[in-house]
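The values are calculated or read from the model by the stated rules, or taken from the named source; none is laboratory data. Nothing here was measured: the structure is a model prediction, and the numbers come from that model. Ideal geometry is used to build each Cβ from the backbone, glycine not excepted, and the neighbour counts take in all protein chains shown. Just so you know, the surface numbers come from the protein's heavy atoms only, side chains and all, with ligands and any DNA or RNA stripped out. Shrake-Rupley method; radii C 1.70, N 1.55, O 1.52, S 1.80 Å.
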Amino acid sequence: MHTHPRGHRIVVVGAGYTGMFAAVRTARRTRRLGARITLVNPSPRFTERLRMHQVAAGQRLADHRIADLLAGTGVEFVQGRAVAIDPRARRVTVERTAPGGRDDGPAERPGATEIPYDTLVYALGSRTDTTRVPGVDEHAVTLDDPRAVHEFGTRLAALAAAGGRVTVSGGGLTGVEAAAELAESHSGLEVTLLSRGVPGSMMGDRARAYLDRTLARLGVTVRSGVDVAKVLPGAVELAGGERVPSDLTLWTAGVRVSGLAARAGIETDARGLVVVDDRLRSVSHPEVYAVGDAAAVRQAWGQVHGTCQSGLPTAQHVADAVARTLRGRAVKRFRFGYFHQPVSLGRRDAVIQFTYADDAPRRVWLRGRWAVRYKELVSASPVVMYRLSRRMNVSSVLSRGGRATRRAGAVSVAGPVPVPVSGSVAGGASRGAYGGGRGAAVGER
């Protein structure tokens, strides 16, 4: 890899939680080395995916602009969509975008730009999978598109006044948070949560029981052990033919990643995640690093699953690795362990399950108002971290895994992961958030 720091070109594609942190921290760590950093993202607005269920419930969030978060860092922001990577020439092709009717949704503008790089940080995270179940694309809303989620939220007041019905498909922690938020914000709604598995199944018995009681108190009807076969204009059809009436359907089941890396010939696993070594470099192209949901990262205890809790430490590690490489220093291997599973249950309740490194539940958990404060601190921390990181080195690491990752060589290259082929699913999408959780159902996390 080219390691002469003066004029070294670093390109970060994707300005989600991990891409933004990678760009800001890399700028801080290389500020005296003369490196040039470019951040590429289609939208000028930073989306707090941790809070998208609040938008779905009709709440307004703070407006964070990427340019504002980068102010003073020296990072160049290119508003555009990365459409191709040429690893041989070390170039990223970017289709420029411009704000559409709303600033949180870009509209295409003709023309493409080629951005050269010496080091590429691949931070294109995951999105909800809308391809496996018929009708999802046409008749359901996901939490990925801020415009669609906003429009979903604006319809709820009138729907609640008419005693309307909303269905949340996917019993992962994203679906649980969304169902609770909708029910608390609009008491007139009939909210149904559909799940293949048991909601909160990754939590300990007491935390899961508290979650169940809270959903019941909020009036959420939970139907677990069901498969969604089709989404219709006014209903969700289950396997077996039963139709659950639904005026609005929110889909949170299953995840998929960008195919950009695979199309470029960068080695990926069966799900399309970039296969990385124990320094988070691509095993096929060591000038490429992958972070967050885009990387297949394996620790001694197993595969790291995509959440902001694991994603931010990968971004921190890569920023430090790039800086150390430019200084000619050895790069440490990546070590990570999970710490908690924070779950909001509306604005006035929450449950926090503390975990071992492999995300298995500990006996310790938190509920009620202290859990609400804890969850809010977690949700607000990324943006605070970006701002502080412009002036100092701030760590996002809560746990390096302790004994589970301390042994040298404990991190191994991630191998292929089998991809479920079931045609129906009611699991939970990756939170893309600073929380955790996993489940046995297809796509559940």
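Listing for the model above:
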read-out: Lys/Arg +1, Asp/Glu -1 at C-beta; the chain dipole; positive extreme among Thr131, Gly58, Gly16; value: Gly16
read-out: Note, ³J(HN,Hα) from phi for the stretch 169-182, Karplus 6.51, -1.76, 1.60, rounded to Hz, x at Gly and Pro; value: 9, x, x, x, 5, 4, x, 4, 4, 5, 4, 5, 5, 5
read-out: Distant-in-sequence amide H partners of Ala229 (H built 1.01 Å from N, under 5 Å); value: Glu237, Leu238, Ala239
read-out: Alpha-carbon centroid distance for the pair the stretch 36-96 / the stretch 274-352, whole angstrom; value: 19
read-out: Rounded to whole Hz, the Karplus (6.51, -1.76, 1.60) HN-Hα couplings of the stretch 261-268, x for glycine and proline; value: 5, 4, 5, 7, x, 6, 5, 10
read-out: The chain: calculated mean residue ellipticity at 222 nm from DSSP helix runs of at least 4, using -39500 (n - 2.57); value: -7500 deg cm²/dmol
read-out: Bridge type composition, the chain - antiparallel percent by DSSP, nearest 5; value: 55
read-out: Built amide H within the under 5 Å cut-off of Phe77, gap 5+; value: Leu39
read-out: Cut-off under 5 Å, modelled amide H: who pairs with Arg36 long-range; value: Gly7, His8, Arg9, Ile10
read-out: Solvent-accessible heavy-atom area per residue, rounded to whole Å², over the stretch 177-255 at 1.4 Å; value: 38
read-out: Integer Hz, Karplus 6.51/-1.76/1.60 couplings in order for the stretch 318-326, x for Gly and Pro; value: 5, 4, 5, 5, 4, 5, 5, 4, 5
read-out: Kirkwood Rh, Cα atoms: Rg over Rh of the stretch 186-308; value: 1.10
read-out: Within the accessible area of the stretch 156-203 (1.4 Å probe), percent carbon and sulfur; value: 52
read-out: Fraction of accessible area attributable to carbon and sulfur, the stretch 1-99 (%, probe 1.4 Å); value: 42
read-out: Shape call, the stretch 24-63: gyration tensor on alpha carbons, a/c limit 1.5; value: prolate
read-out: Crossing angle, helix 17-29 versus the chain [Cα axis fit, 0-90 degrees, rounded to tens]; value: 30
read-out: Rg/Rh for the stretch 149-202, where both radii come from Cα atoms and Rh is the Kirkwood radius; value: 1.00
read-out: Relative contact order computed over the chain (Cα-Cα under 8 Å; 6+ residues apart), in percent; value: 20
read-out: Rel. contact order, % - alpha carbon contacts under 8 angstrom, at least six apart, the stretch 230-385; value: 11
